[in-house]
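The next block holds one structure in the form of structure tokens; read it before the comments.
Rule-based calculations on the coordinates, nothing more; no lab input. Every value quoted in this text rests on a predicted model; they were computed, and no experiment measured them. When we count neighbours, we look across all protein chains shown, and the Cβ atoms used for this are built from the backbone with ideal geometry, even at glycine.
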Amino acid sequence: MADEVVLLDFWPSMFGMRVRIALAEKGIKYEYKDEDLRNKSPLLLEMNPIHKKIPVLIHNGKPMCESLIIVQYIDEVWKDRCPLLPIDPYQRAHSRFWADFVDKKVTEVLLKMGTTKGEEKEAGKKEFFEIFMILEGELGDKPYFGGETFGFVDLSLIPYYSWFYAIETLGELNIEAECPKIVAWAKRCLQKETVAKTLPDQKKVYEYVEQMRKRFGNG
Amino acid sequence: MAGEVVLLDFWPSMFGMRVRIALAEKGIEYEYKEEDLRNKSPLLLEMNPIHKKIPVLIHNGKPVCESLIIVQYIDEVWKDKSPLLPTDPYQRAHARFWADFVDKKVYEVSRKVWATKGEEKEAGKKEFFEIFKILEGELGDKPYFGGETFGFVDLSLIPFYPWFYAIETFGEFNMEAEYPKIVAWAKRCLQVESVAKTLPDQKKVYEFVGQMRKRFGLE
């Protein structure tokens with residue numbers, strides 16, 4: 001039985017990138033559909049009526065939503081190759097915790113930095129570095145968050161790297177100076193073919209963010 | 001699998017209740033430690049330095065944090081009895097999606113109803129109604145969200161039941177009148193022994209919420 005896999009996505013979305021990397025890691029062929037988020041397709045609204053968001057993975061007609069839930073699904077269905085989560089339950093809980101930390105903290109602080117100005121923005125920048133300091137602490141001297149190999153936490157965080165140029169330029173900060181370990185880790189991840197071919201170019205993301213800012217009157 | 005199990009918790013916490021129900025479902029003996037959230041113990045700060053929140057499960061000295069992550073850990077370690085998540089990957093993704101929905105939506109909106117006033121409260125009530133309509137839709141005619149048996153989604157939502165009396169009293173509406181299916185489902189869950197012996201009394205929670213409101217200057 002051939003699998004039919006469709007991904008509803010939006011090219012600059014970090015959440016979508018997570019799923020794209022997972023699919024690439026497992027070598028799964030799929031149809032990619034780029035959504036116009038200002039004009040969502042009937043398919044997206046049908047497949048994710050609750051949140052109406054991308055990414056949505058449609059596997060043999062059945063939808064899966066929320067990027068980390070989709071990645072775990074992919075890991076469980078295509079379990080014969082490239083495990084994304086560890087086998088040990090404690091390590092799994094540890095991975096889920098850190099992916100959840102990335103989900104809760106990193107997106108929120110980026111939003112704060114991108115949509116505010118003045119004191120609130122400065123507070124956002126301070127928080128950004130606090131969060132990345134914590135992440136550097138968790139990474140420690142390991143090559144990847146997962147240890148010796150690229151894993152669930154690495155996958156959940158690496159998509160933000162494609163946004164670093166935009167963040168640095170618009171936020172007027174230098175991530176490599178403050179968080180050299182994270183940037184070194186990101187470059188290590190980019191040695192992986194699945195990551196390298198998934199992540200969009202940082203300049204392209206910057207142009208997109210600039211357009212969004214103009215539209216919302218921040219540019 | 002034996003071992004030393006300690007739970008750092010706070011009796012009215014819905015998140016803590018989830019873990020207590022899971023431990024009861026699996027018949028796991030554990031030491032319960034009540035935290036004073038205004039004076040957190042050194043143990044809590046050591047075991048959850050990132051979020052400094054309860055619940056924290058400490059299994060053989062190793063901490064697991066975030067209630068739904070803890071519940072999945074419990075399900076994976078003590079996998080020989082009372083499975084909490086389905087075995088089929090699609091059903092698992094579905095269960096995780098709805099537990100995540102409860103996590104993202106129900107706590108925040110409940111808080112708006114009991115912890116705010118005026119326009120913010122009215123907006124909170126409207127949102128509360130929308131969210132519970134969605135939950136009733138997902139429940140449908142099934143006895144449990146999990147289908148024929150109590151499962152992960154049921155476990156993630158039922159701890160809000162002890163808070164219903166406080167929410168409807170301070171929110172000035174009637175849960176049973178607005179959401180008969182949800183209330184019927186909750187009463188059905190209370191037939192499950194692990195739920196009945198875990199959930200605190202609604203009046204006790206109401207008194208606690210009353211004290212919190214005084215502290216917020218709402219009484």
Neighbouring partner chain Cβ atoms per residue of B:149-157, average, 10 Å criterion: 0
Cα gyration tensor shape for chain B, rounded if a/c is under 1.5, else prolate or oblate: oblate
Other protein chain Cβ atoms within 10 Å, averaged over every residue that makes up B:41-51: 1
Counting DSSP beta bridges with both ends in the protein assembly as shown, the antiparallel % (nearest 5): 70
For A:Y30, net neighbour charge (Lys/Arg +1, Asp/Glu -1) across residues whose Cβ lies under 12 Å away: 0
Unit charges on C-beta of K, R, D, E only; dipole of chain B, Debye: 400
FRET efficiency for B:M212 and B:E76, using Cβ-Cβ distance with R0 set to 25 Å, rounded to 0.05: 0.10
Net charge contributed by nearby residues that have their C-beta within less than 12 Å of B:F208 (K/R +1, D/E -1): +3
Cβ-derived FRET efficiency at R0 56 Å, B:E119 paired with A:A184, nearest 0.05: 0.70
Theoretical ellipticity at 222 nm over chain A - DSSP helices of four or more residues, -39500 (n - 2.57) apiece, nearest 500: -16500 deg cm²/dmol
Estimated distance in nm for a label pair at B:E219 and B:E108, the labels positioned 7 Å out from Cα along Cα-to-Cβ: 2.8
Cα gyration tensor, segment A:110-195 - rounded (a/c under 1.5), prolate or oblate: prolate
Whole-Å distance, taken between Cα centres, linking segment B:40-97 and segment A:47-113: 16
Charge dipole (chain B, unit charges on Cβ, about Cα centre) - positive-most of B:L157, B:L7, B:P86: B:L7
Burial ranking of peptide ranges A:202-214, B:74-86 (average Cβ count within 10 Å, highest at the top): B:74-86, A:202-214
Estimated dipole of segment A:4-69 in Debye, rounded to 20 [Cβ of Lys and Arg +1, of Asp and Glu -1, Cα centre]: 100
Other protein chain Cβ atoms within 10 Å, averaged over every residue that makes up B:89-101: 6
Gyration tensor (alpha-carbon) shape descriptor, the protein assembly as shown, a/c threshold 1.5: rounded
